[in-house]
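See structure below.
The values are calculated or read from the model by the stated rules, or taken from the named source; none is laboratory data. Everything numeric here is computed off the predicted structure, so don't read it as measured data. Cβ placement follows ideal geometry from the backbone for every residue including glycine, while neighbour counts extend to all protein chains displayed. Heads up: the accessible areas ignore ligands, DNA and RNA and are worked out on the full protein's heavy atoms, side chains in. Shrake-Rupley method; radii C 1.70, N 1.55, O 1.52, S 1.80 Å.
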Amino acid sequence: MHCLAIYDMDKTITAAPTWTRFLIAAAKARAPWRLALFPGVGVAGLGYFLKLVDRAGLKQFSQRLLLGGALTPAEMAKVAEAFAAHEVAHGVLHGARERIAADRAEGYRLVMATASHGYYAAAIGRLLGFDDVIATEAKRDGQGRILSLIEGDNCYGPVKLHRIESWMAGQGIGRGGAHVRAYSDHVSDAPLLGWADEGYAVNAHGPLLALAAEKGWPILDWR
């Protein structure tokens, strides 16, 4: 039997969302003048709120604005690893650290599944001792440079569960041969929490709290 503990990242493991803070940190490190363009991210966010642009479009636009159209793997690794080191030192919830350590001690394979971009989520995962990271992936150009475009779909909602199932298939792990724990703060991960053998609503917002009460999912607070 394979034992998997699958964790969302933003506001489940970390105290706050990471994407915008990553972009700001990377822009400061690479091209501080791009911070003057940050109000454009707010305008795009309003477009998302008004349903004029989806999450993937918002993510792609924001990255292009603050990081530019393309970065080499070395350039991206430099800013991603610096951000990850700071986040793990200052932004990870103590309760999350305790639960990660407990799952590891019980022999669970630790998997992070997040809508955040893999180039920095993977760095955070490594520092926290995760075995695997499933995340949104970026397209690359013919020179291998990382673009502001998303490869495939944003790893969010039902897509996240599909990505997890695909990853399991690639690892030779059948659903019937696995015991799965899943942790998330957001109702968008309801498909994952319902699919897991143990689904936990962690630091949950209102809609997830209501759904957890209806479904009988345990509620945890790591804040």
| query | So which of G216, G194 is surrounded by fewer than 21 Cβ atoms within 10 Å (Cβ to Cβ) and on the phi < 0 side of the Ramachandran plot? | reply | G194
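Okay, residues lined up against (1) open to solvent by 60 Å² or more (accessible area, probe 1.4 Å); (2) more than 21 Å from D54 (Cα to Cα); (3) polar (S, T, N, Q); (4) at pLDDT below 95:
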residue	(1), (2), (3), (4)
V88	no, yes, no, no
L93	no, yes, no, no
E106	yes, yes, no, no
A115	no, no, no, no
G125	no, yes, no, no
I134	no, no, no, no
Y156	yes, no, no, no
I164	no, yes, no, no
I173	no, yes, no, no
| task | May I ask you to verify whether Y120 is farther than 19 Å from L192 by Cβ and in contact (Cβ under 8 Å) with a residue 12 or more places away in the chain? | result | yes
| said: Regarding region 75-83, can at least one residue be identified that is within 18 Å of the chain's Cα centre (by Cα), open to solvent by 50 Å² or more (accessible area, probe 1.4 Å) and small (G, A, S)? | reply: yes
| remark: Scanning region 11-55 for residues that are among the aromatic types (F, W, Y) and in contact (Cβ under 8 Å) with a residue 40 or more places away in the chain, the one least open to solvent (accessible area, probe 1.4 Å) turns out to be F22
| Tally, over region 66-97, of residues that are under 17 Å from G142 (Cα atoms) and in a helix (DSSP H, G or I) | 4
| Considering region 136-183 alone, what residues qualify as being of a type in the set (S, T, Y) and either touching a Ser or Thr at 6+ places or on another chain (Cβ under 9 Å) or not in a helix (DSSP H, G or I) (or both)? | T136, S148, Y156, Y183
| Can you tell me which residues in region 126-175 are of a type in the set (S, T, Y) and in contact (Cβ under 8 Å) with a residue 60 or more places away in the chain? | T136, S148, Y156
| query | Out of all the residues in region 184-210, which are of a type outside the set (V, I, T) and not in a helix (DSSP H, G or I)? | reply | S184, D185, H186, A196, D197, E198, G199, Y200, A201, N203, A204, H205
| Would it be correct to say that L110 is in contact with a helix residue (DSSP H, G or I) (Cβ under 7 Å, 6 or more places away or on another chain), assigned to a helix (DSSP H, G or I), modelled with pLDDT of 95 or more and surrounded by fewer than 22 Cβ atoms within 10 Å (Cβ to Cβ)? | no
| How many of the residues making up region 175-191 are of a type in the set (A, V, I, L, M), crowded, with 21+ Cβ neighbours inside 10 Å and within 21 Å of A210 (Cβ to Cβ)? | 2
